[in-house]
1. Out of segment 217-254, which residues are over 16 Å from the mean Cα position of the chain (by Cα), assigned to a loop (DSSP other than H, G, I, E, B) and not hydrophobic (A, V, I, L, M, F, W, C)?
2. In this structure, is Gly458 buried (at least 16 other Cβ atoms within 10 Å of the Cβ), free of Cβ contacts under 8 Å to residues at least 60 places away in the same chain, of a type in the set (Gly, Ala, Ser) and within 22 Å of Asn291 (Cβ to Cβ)?
3. Condition (residue is within 19 Å of the chain's Cα centre (by Cα), within 30 Å of Val341 (Cα to Cα), of a type outside the set (A, V, I, L, M, F, W, C) and not in a helix (DSSP H, G or I)) applied to segment 99-106: is it met by at least one residue?
4. Could you check, for segment 259-273, whether at least one of its residues is closer than 27 Å to Ala474 by Cβ, buried (at least 19 other Cβ atoms within 10 Å of the Cβ) and more than 14 Å from the chain's Cα centre (by Cα)?
5. Could you check segment 255-333 for helices (runs of 4 or more DSSP H) lying wholly inside it with 2 or more residues that are modelled with pLDDT under 95 and not acidic (Asp, Glu)?
6. Output yes when any residue across segment 233-254 is at pLDDT below 95 and not hydroxyl-bearing (Ser, Thr, Tyr), and no when none is.
7. Mind checking which pairs have a first residue in segment 371-389 that is closer than 28 Å to Gly406 by Cβ and a second that is of a type in the set (Val, Ile, Thr) and assigned to a loop (DSSP other than H, G, I, E, B), Cβ under 9 Å, 6 or more apart or different chains?
8. How about segment 213-232: which of its residues are of a type in the set (D, E, K, R) and either at pLDDT below 95 or over 12 Å from Pro164 (Cβ atoms) (or both)?
Amino acid sequence: MTRTQGLVRLVGVGLIIVLLGACGASRADKAGGAAGQKPRVLTMASGGGDPAELDGFVKEVARLSSGTIRIQVAYRWRAGQATAEPGLINDIKAGKADLGWAGSRAWDSVGVTSLRALHAPLLIDSYALQQRVVQSPLVADMLRGLSPLGLVGLGVLPGPMRKPVGISKPLVAHADYAGLRIGVQQSLVANETMRALGARPVWFPGTGAIDGFDGIEQQISSIDGNRYDKVGKYVTANVNLWPRPLVIFTSNKVFDSLSPDQRRAIQQAVANVIPAQTRSLRHDEQNATENLCRRTATFQTASPRELTALRTAVQPVYAMLARDPQTKKFLDAIAAMGKDVAAEAAPNCHGVQQTAEQAAGASTSSPLDGVYRVTTTAKDLLAAGTPAGDVVPENYGTSTFVFDRGRFASTQEDKQACTWGYGTFAVKGNRVEWSFTDGGGIAPNNALNKPGEFFVFGWSLYRDTLTLTAVPGAVSPEPTRAKPWQRISTTPSSRYLSKRCPPPGNALPR
């Protein structure tokens, strides 16, 4: 069982998941909304697949509107398309969904230039600065640029930092880019940046294959979740090319159909969740970094001289942007905001905890050795506090775990999914650590365990009932903790695992 870190490769509008709050509808919603008002259901188009990006916003809208607005998020909208975000913007214009988000990078492709300063190269280079910018009055001025399209900008949420990822070689110095084919995602500013660095930009879709590129620009969580480190092993950790902020918007028609209180609720919800969203981004980046450190990726560091050279090389992009007086004003304001923002440490592998295999040693028996099984439903997962976006077929059904002398193997299956995983584990007092070596199987939402994922649980075993609990500060996925596990054998054996999707034969000790 895993967080839905991967993204579905679907054609069409996407997968709709209803997010109502921590464990279903709010009190006001259950009562039919404020003063008996029937809740207004709004569909929100999202090109991404990570519920963490929108879950806080959705819950805050429900709270501030007293349950009169419910948002259904349609994830993976236009999945697999290189121009997914411009297409999503046009879909909201056409009324195919009520709300949507698109990265600031996509808007100049549909004629909106007022947001370009948010992703100018090497300008917003820390999460702290990004938070300061999206909480500033600048955003209201930027969002007015959506008006000619018949759209209303509701606010901007912070997004992950995008870094250079080398495939054919590390991308550290300016000279490293010369003549390379670099994959970028639907951004005219990114195009100009790569050309200024001497590279050839090529658009590719989110979650798309990166074979054939010499490098890409991508956030660390995506490198981890999409296994891009299989191909691109060199991450330049201290170069933040730009963030990927989320511009939340709707059409004039939908906005005008809301009451004044509902309009204020949606706009205020964006502002309210910005600090929590920033914390979540940092946390996700750290977790993904640790996963990559346990795999084959390496983190490169540009020297101060190399950073200066990169900034010098992209000055033609700033000259182009500054031709628009409004954009120049925004660029200058952001640069001024950044003068007193402390630099943030670059992701690195220092202090990354040993894998369970290293910590446990070979062929070490444990009190958990045996075979465990649990059967869960979507309702069980929601009751356990699982984010609605993680309630997917790969995360419920019948799951079996075999623990054997420091190694484990697992299978999960229901009508739609059948997945396997294996790795190593270590019992440390009342905690157990799992480190995944690999995962696979039938996964309609690509919610598979990835190599290097590291989970920590509290555990107790009483009369063959295993209870797993969360550990503060550690990754302990809710689906795995939704119900107690029953030990069905004290003798570890792969024969208990699913025959429909078994793990590799070498997953457990011989």
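1. Within segment 217-254, Gly232, Lys233, Asn238, Asn240 qualify.
2. Values: buried (at least 16 other Cβ atoms within 10 Å of the Cβ): yes; free of Cβ contacts under 8 Å to residues at least 60 places away in the same chain: yes; of a type in the set (Gly, Ala, Ser): yes; within 22 Å of Asn291 (Cβ to Cβ): yes.
Yes; evaluated as a whole, the condition is true for this residue.
3. Yes, segment 99-106 contains a residue that is within 19 Å of the chain's Cα centre (by Cα), within 30 Å of Val341 (Cα to Cα), of a type outside the set (A, V, I, L, M, F, W, C) and not in a helix (DSSP H, G or I).
4. yes
5. 260-293
6. Here is the first cut: in segment 233-254, the ones at pLDDT below 95 are 233.
Applying the additional criterion that residues be not hydroxyl-bearing (Ser, Thr, Tyr) yields 233.
Yes, segment 233-254 contains at least one residue that is at pLDDT below 95 and not hydroxyl-bearing (Ser, Thr, Tyr).
7. Partner pairs satisfying both residue conditions: Val371/Thr490; Val371/Thr491.
8. So the first thing to find is which residues in segment 213-232 are of a type in the set (D, E, K, R), and the list is 214, 217, 224, 227, 229-230.
Those that are of a type in the set (D, E, K, R) and either at pLDDT below 95 or over 12 Å from Pro164 (Cβ atoms) (or both): Asp224, Arg227, Asp229, Lys230.
The values are calculated or read from the model by the stated rules, or taken from the named source; none is laboratory data. Because the structure is a prediction, the values reported are computed rather than measured. Cβ atoms come from the backbone with ideal geometry, glycine included; neighbour counts cover every protein chain shown.
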